[in-house]
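Novice: Take this structure first; my questions come after.
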Amino acid sequence: MSSNMRMGCDIGGTFTDFVVFDEDTGTLRVEKCLTTPRDPSDGVMEGVRLLDEDAPGFLTQTGQVFHGTTLVINAVLERRGAKTALLTTEGFRDVLAIGTERRYDLYDLQQQYPEPLVPRRLRLGVNERIRSDGKVIRELDQAQIKKLAAELKSEDVESVAICLLHSYTNPQHEQQLRVMFEEALPGVNISLSSEVLPEINEYTRTSTTVVNAYCKPLMTSYLTSLKERMNDNGLAGQLLVMLSSGGVTSIDTASRNPVRLIESGPVGGVILAQHVKALCGMKDAFAFDMGGTTAKICIMEGDTLPRTSVYEVARTQRFKVGSGLPIKVPCVDLLEIGTGGGSIAGINDLELLQVGPRSAGSEPGPACYGLGGENPTVTDADLVLGYLDPNFFLGGEMKLDVDAAQAAIEAKVGQPLGLDVARAAFGIHDSANESMAAATRMYAAERGVDPTELALVASGGAGPVHCYGLAAKLGVREIIIPVAVGVGSALGFLVAPISYDLVRTHKVPLPDADLSEVESLFRGLEADARGVMKEAGQTKEPEFVRSLDVRYVGQGYEINVVLPRGAVDSQGMSALAELFQATYEELFGRSFEGNAFEIVNLRIIASGPIPPSPIVPRAGTGSDYRKTARQAWCPIADGYVEHRVYDRYSVPTGLTLEGPAIFEERESTVVVGSGATAWVDEQGLLRIRLPEEGVTP
Amino acid sequence: MSQTFDALTLERAWSRLKSIADEADASVMRTAFSSIIRDSHDYSCAFYDARGYLMSQPGFVTPGLLGGMTAAIRAINDYFPFQSLVEGDVIITNDPWLVCGHLPDVMVAAPVFHHGKLVAFAACVFHHQDIGGRLGVDNREIFEEGLQIPPSMLCRAGQFNEDLIGVMSANSRMPELLVNDIRSQVNTVQFTGSRIRAFLDEFGWDSLEPIADAIFERTEVALRKSIEEIPDGVYRSEYPIETGDGDRTVLVKLALTVDGGSVTADFEGSDPQIDRGINCVLNFTIAYCLFALKSVTAPFLPNNHGSTKPFTVKAPEGSIVNAKRPAAVIARNTVGHFIPSLVYEALAEVVPEKVIAESGSLPTWWLTLAGTRHDGRPFMVGPMFSGGIGARSSSDGVSCLTFPANVNNTPVELLESDSPLIVERREYLQDSGGAGRYRGGLGQEFALRVPDDDMAPDGPVVEFLTAGRFSTVAKGVSGGGEGSLASAILNGEPITWGKSFLLNAGDRISYRTAGGGGYGAPGERDRELVAEELREGLISAEAAFDLYGLKSHG
């Protein structure tokens, strides 16, 4: 049996999305079904059943299934994880609860913080001590460990996180504890901080290790059961899991390191955008995804996905940094903004318009859904402005109530500000774009990027409606909208190579670094990564990229510098020094000549080959691409003007159309402003070029 | 009066201005060197219009630094008249009476020019690790406390004053940290300036004043409306604050007059300044008074020039809350951080639901440990840590949280990397939170040891602590119990915070911060919660049964 098919499957908050790509025929099939929160694998199997009706036995021909899931993040949010214990160095069991001691809001006297995932009675101190240079100054106490093990046994603990001080530099005690606890508590999952996050800073390391331990049993049983059910349905190929880093790994590795799956879903959209950008021969671009409650922005420079490692989960105030549980894992550098189609518009204490971050969600939803929502939302504004067709929302499956949208905008925004309904609606639309633009500018400034030089790749339900206004504000000249934007994440999974990241703290001043020691540490990391890649079915030697986090001695900010290929030598190191100074100067406008600098972390990324693209050339059918025309708001004309409406999949390749226009497909609507041009290219991508002048009023 | 803007333009411009302040804040995290900046986040950035009025502050500031800086910007005019400033000028000062009340807080400020015209001021204050001087609260005069920098030109038209840098460097125990952090401050104000120019270009405006006035006016109107919800009247409180010198306390008295949409805070009757480094300058008193009033009346309104207008603060000259030169001021937080407590206590009788019980976390503990490593390298670390905040009207006080300042603690692993010291404990203190329907936040034990092995330091380690609540507990509200007292124990013997100690190899010192006061009677606390906290070890069996009246082992 050939295995020429690949499937992407993304479990989102509301829908589970599927894409099946047949490499031989180039066909792409798309399916969507409702997510089943109690056991998400039910929803997955329902989708498989629907796809199977269409193409019986397709799973037997599927070589790889790529799976993305929000299970980890939901387990933490809904507190559905395992009964977990934490072992720390004695005297430090409350580090997890004490946190940073800083308030996330200066003035709010009522602020709340999330409860730690491990209750205090299950946080136990171990009598031992390792110094910052890695030297053991108190040995483990066998008798005490026996007592601790008995205690955990009587509590029926399912998972144990072990985080000892300075274990990032000497993991010996953590490893010994694992052996002892595995023996004393058979069947219990164990997570070591020296494996999950071997980096300095005990609070972040403990918090990350605890999230990992908390989700491990759940993730292991979910993935094992999903694999069995897939196999029962004929899957002979592999089940692989998406990582927050944009990499792909085996279910064994994923089960051991569930904390690395925290952004497993959203990352697919960025991978797709990265791929689309490359297809268009562009170097740098924004990925912009806007859904019901949030928008996500990512700046993609060059060939690799931008990485970060700082993340917060279960915030008590969704958009307040510091109100959640910190985790530090390799993660695509996504900016989340509290603006979506469901964001509520109203008047704040300063008597100014405010859009979001409160959201109407799906129930009651925007006023135009007719489900009892009385607050005007961004979607209501988009409808009143004529950008959305009340009779063609989700391909006409859901009728929208224009009168209800108008009434809500009139009452809550128009009257208080003394604006007519249309201007109030445009105010909401524009304010949503402005908050996204402001956040994007800040994010771009932090990375030293000029937004006007980048193209924008848009996706998500509301993304295509807002991308034009956002691009105009940012000074972006070109917008690209890929096919099947409604299932963008699942499609993105199919273009990701198998890959895995590892990091290890090794703090040493650069001039004194023992290069052979650095080399052997790198080799150790590579050997570990090789094992992980083998589990994921990679028989060929992976490609390794080595890099170092370097900083000035004493400064808090580290710069990641990629090392030249080959073994670490003195020549490579002096090149590294120059590169570090140059990168620093580029970021901050100056460097500190004469200041010593040091290595902080060693990092490697191992990756396999890039799979064939599921975005294959397709021609528009050409026939009846002109649908109708409708009145929609034009900010330049400061009034409603006629917009031609096109069926996005029927537009012939290469035909250039002029704005103002609207392109419709089942899951989204693309708005093109006056003066812009748009065409569908040979890849089936919709391209929009903004005019040089006069984009904003 | 002010130019009118349409509501949409105003909203758009305002959201842009707010993000400039946050961008400035983020840039510091990348360029600063010292642990007190990068780990503790003890710094504040802000920018001002051409008149020196506060436009916007980032999400993360500490009230004392922000308030002091805001006063200092206007004062620059007396030293360097605004019209004499030119592009590329950068001003520096740490004058406690002009800025933030003690010498380690150094302000760097720059006029921002756009098409040759002064349009704004960008400024930041960093709390530097060391500005020289004697490490002790028992200083008698400012002259013992380190280098004083009157308002001076750090850069004149883009030319760095290297002589001044040399003087600063020569006066610090950690000269490289000081100089690098000062340069990072210059980076920050220059970056802020470039963002302000880009903003004006984009909107096609030539000054900030019209938009500033429109925002100030709306802020002021909204704030006055919130103040009007408090019944008119005069509300009083007083508090004896410990001095770190035996049983000696200083009394601070407050009378708050609420009159329609205005509040006057008067500290008349407070004790005179004293011959110890706990004196508070007027700027610091005003800053914490305004912070507290805003947190009660309108916590979610932006903070700008408009939000200061409804408030007037008066304090008799020469008093402990308006000390005159040459008072010693290094530990002014040990008095100034109590001011919010006085404000809440005064308002508790009229708006009990809006205030919190007294906090064990004030003042913020600032510990300095300095010495020489075994290999001759100097070290100096400045960890900060806190007790528990007071319980709220509908929830428990948060344990170990800075209040009213806002800084991070220092991770143990970083502290041990930057010094030879060994931290032995950072843990909640059982029963430290005041009992109540809502419990006060818990304090913590933070214990450390000077090693006596191969890492033993060369010579003694100087210990210098600014702290409080060693003799005055955090009281509860509406029947809530009091939090535990703070203490420090050196090799088993209680010590006081007001005096510096020399620690030797093998010495062990343990610090116990105070708990917050409770809210409401303990008998009204949810029984299941009492039983749960007993199981968790947050309260003892005696507390559960005697204080809370728990009947059985739930």
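Values quoted throughout were computed directly from the atomic coordinates according to the rules given, and no laboratory measurement underlies them. Every value quoted in this text rests on a predicted model; they were computed, and no experiment measured them. Positions of Cβ are backbone-derived with ideal geometry, glycine not excepted, and every protein chain shown enters the neighbour counts.
Novice: With no solvent and one point per C-alpha, what does the Debye sum give as log10 I(q)/I(0) for the stretch A:246-393 at q = 0.10, 0.13 Å⁻¹?
Specialist: Treating every Cα as an identical point scatterer, log10 I(q)/I(0) equals -0.48, -0.77.
Novice: Give the separation of the Cα centroids, the stretch A:136-197 to the stretch A:460-534, in Å.
Specialist: That distance is 32 Å.
Novice: Same structure again: On the principal axes of its Cα set, how long, how wide and how thick is the stretch A:347-431? Give whole Å, largest value first.
Specialist: Principal axes ranked by extent give 40, 23, 18 Å for the Cα atoms.
Novice: Given A:516, A:76, A:187, which one lies farthest toward the positive end of the charge dipole of chain A, if we put +1 on the Cβ of every Lys and Arg and -1 on the Cβ of every Asp and Glu?
Specialist: So the residue furthest toward the plus end is A:187.
Novice: Give me the Kirkwood hydrodynamic radius of the stretch A:1-58 in Å, from all C-alpha pairs, to one decimal place? Before the final figure, lay out the partial values.
Specialist: Details: mean 1/r = 0.0847 Å⁻¹.
One decimal place: 11.8 Å for the Kirkwood radius.
Novice: Summarise the long-distance tail of P(r) for the stretch B:7-220 by giving the % of C-alpha pairs beyond 24 Å.
Specialist: Looking at the stretch B:7-220, the distances longer than 24 Å represent 39 percent of pairs.
Novice: Contour minus end-to-end for residue A:520 and residue A:133, with contour as 0.36 nm per residue of separation and end-to-end as the Cα-Cα distance?
Specialist: That pair, residue A:520 and residue A:133, stretches by 137.5 nm at full extension.
Novice: Now a separate question. So which of A:83/A:147; A:32/A:227; A:320/B:294; A:32/A:83 end up more than 23 Å apart by C-alpha? Don't jump to the answer; show the numbers that get you there.
Specialist: Details: A:83/A:147 19 Å; A:32/A:227 20 Å; A:320/B:294 20 Å; A:32/A:83 34 Å.
Result: A:32/A:83 exceed 23 Å.
Novice: I need the per residue convex hull volume for the stretch A:451-505, using only the alpha carbons, in cubic angstrom as a whole number.
Specialist: 140 Å³
Novice: Just add up the charged neighbours of residue B:39: K/R +1, D/E -1, any other residue whose Cβ is under 12 Å from the Cβ of residue B:39.
Specialist: On the way: positive: A:102, B:38; negative: A:101, B:42, B:413, B:418.
Around residue B:39, the surrounding residues sum to -2.
Novice: Charges on Cβ only, +1 for Lys and Arg, -1 for Asp and Glu, centred on the Cα centroid of the protein assembly as shown; of B:119, B:63, B:357, which one is farthest towards the dipole's positive end?
Specialist: B:357
Novice: Mind putting together the pair-distance distribution for the stretch A:499-607? All Cα pairs, 5 Å bins, whole percent per bin, short to long.
Specialist: 2, 12, 23, 23, 16, 12, 7, 4, 2, 0
Novice: Which value, in nm² and rounded to one decimal, describes the direction-averaged projected area of the C-alpha convex hull of the stretch B:1-85?
Specialist: Mean projected area of the Cα convex hull: 7.5 nm².
Novice: Then there is this: Sum up the charges of everything whose Cβ sits under 14 Å from the Cβ of residue B:328, counting Lys and Arg as +1 and Asp and Glu as -1, but leave residue B:328 out.
Specialist: +1
Novice: With N set to the number of residues, divide the alpha-carbon radius of gyration of the protein assembly as shown by 2.2 N^0.38 Å and report two decimals. Intermediate results must be reported in sequence, preceding the final value.
Specialist: On the way: Rg = 30.9 Å, N = 1251, 2.2 N^0.38 = 33.1 Å.
That ratio works out to 0.93.
Novice: Note down the net charge around residue A:345, summing +1 for each Lys or Arg and -1 for each Asp or Glu among other residues with Cβ under 9 Å from its Cβ.
Specialist: Summing Lys and Arg as +1 and Asp and Glu as -1 gives 0.
Novice: Right, another one. What is the order of B:237, B:35, B:394, fewest Cβ neighbours within 10 Å to most?
Specialist: By the 10 Å Cβ count, ascending: B:394, B:237, B:35.
Novice: Grab the DSSP H runs of chain A that are 4 residues or longer, score each as -39,500 (n - 2.57), total them, divide by all residues and round the 222 nm result to the nearest 500 deg cm²/dmol.
Specialist: Estimated from H runs of four or more residues: -9500 deg cm²/dmol.
Novice: Follow-up. Kindly give Rg over Rh for chain B, based on alpha-carbon atoms, with the Kirkwood expression for the hydrodynamic radius.
Specialist: My calculation of the ratio gives 0.98.
Novice: In addition: What Kirkwood hydrodynamic radius, in Å, does chain A give when the mean of 1/r is taken over all pairs of distinct Cα atoms and then inverted?
Specialist: 27.0 Å
Novice: Further question on the same structure: How many partner chain Cβ atoms sit within 10 Å of a residue's Cβ in peptide B:400-413, on average, as a whole number?
Specialist: Whole-number average of other-chain Cβ neighbours for B:400-413 is 6.
Novice: Using only the C-alpha atoms of the stretch A:50-141, find the volume of their convex hull and express it per residue in Å³.
Specialist: 265 Å³
Novice: Please rank B:37, B:149, fewest neighbouring Cβ atoms within 10 Å first, as an exposure proxy. Intermediate results must be reported in sequence, preceding the final value.
Specialist: On the way: B:37 24, B:149 20.
The fewest-first ordering by Cβ neighbours comes to B:149, B:37.
Novice: How high is the relative contact order of chain A, in percent, with contacts defined as C-alpha pairs under 8 Å that are six or more residues apart? Display every interim value, and only then the final one.
Specialist: Numbers: 1542 pairs, mean separation 79.5, N = 697.
The value is 11 percent.
Novice: If you wrap a convex hull around the C-alpha atoms of the stretch B:356-554 and split its volume per residue, what is the figure in Å³? Spell out each step's value before the answer.
Specialist: Values: hull volume 22.3 nm³, N = 199.
It comes to 112 Å³ per residue, whole-number rounded.
Novice: I've got another one for you. Just in the stretch A:365-461: which GluC sites (Glu not before Pro) are loop by DSSP and have at most 15 other Cβ atoms within 10 Å?
Specialist: Here the GluC sites (Glu not before Pro) that fit, given the DSSP loop and packing criteria, are A:374, A:397.
Novice: Using Cβ counts within 10 Å as a stand-in for footprinting exposure, how do A:5, A:398 rank, fewest first?
Specialist: On the way: A:5 23, A:398 13.
Listed from fewest to most nearby Cβ atoms, that is A:398, A:5.
Novice: May I pose another question? Tell me, which longest segment in chain B has none of the GluC sites (Glu not before Pro) that fall in DSSP loops with at most 13 further Cβ atoms within 10 Å?
Specialist: B:1-228
Novice: May I ask you to work out the translational diffusion coefficient for the stretch A:503-558 at 20 °C, viscosity 1.002 mPa s, via Stokes-Einstein with Rh from the Kirkwood sum over Cα pairs, reported in whole µm²/s?
Specialist: So the translational diffusion coefficient is about 162 µm²/s.
Novice: Relative contact order of the stretch A:347-431, please, whole-number percent, based on alpha carbon pairs below 8 angstrom and at least 6 residues apart.
Specialist: Once divided by the residue count of the stretch A:347-431, the mean separation gives 31 percent.
Novice: Let me know the charge dipole size of chain A about its Cα centre in debye, to the nearest 20, where only the beta-carbon of Lys, Arg (+1) and Asp, Glu (-1) is charged. Mind dumping the intermediate values first?
Specialist: Details: 64 positive and 92 negative charges, 241 e Å.
Here chain A has a charge dipole of around 1160 debye.
Novice: Now, a different point. At R0 = 56 Å, how high is the FRET efficiency between residue B:152 and residue A:319 if r is their beta carbon distance? Nearest 0.05 is fine.
Specialist: Working: r = 41 Å, r/R0 = 0.73.
Efficiency at R0 = 56 Å is approximately 0.85.
Novice: Got a sec? Charge dipole of the stretch B:215-324, +1 on Cβ for Lys and Arg, -1 for Asp and Glu; which of B:321, B:254, B:290 is way out at the positive end?
Specialist: Sorting the options by dipole projection puts first B:290.
Novice: If you average the sequence gap of Cα pairs under 8 Å that are 6 or more apart and divide by the length of chain B, what percent do you get for the contact order?
Specialist: 13 percent
Novice: While we're looking at this one, here's another question. In nm², what is the average projected area of the convex hull enclosing the Cα atoms of the stretch A:81-212?
Specialist: Approximately 8.4 nm², given one-decimal rounding.
Novice: What trypsin sites (Lys or Arg not before Pro) does the stretch A:422-471 have in DSSP loop regions with at most 13 other beta carbons within 10 Å? List each step's numbers first, then the result.
Specialist: Details: sites: A:423, A:441, A:447; in loops: A:447.
Within the stretch A:422-471, the qualifying trypsin sites (Lys or Arg not before Pro) (loop, at most 13 other Cβ atoms within 10 Å) are A:447.
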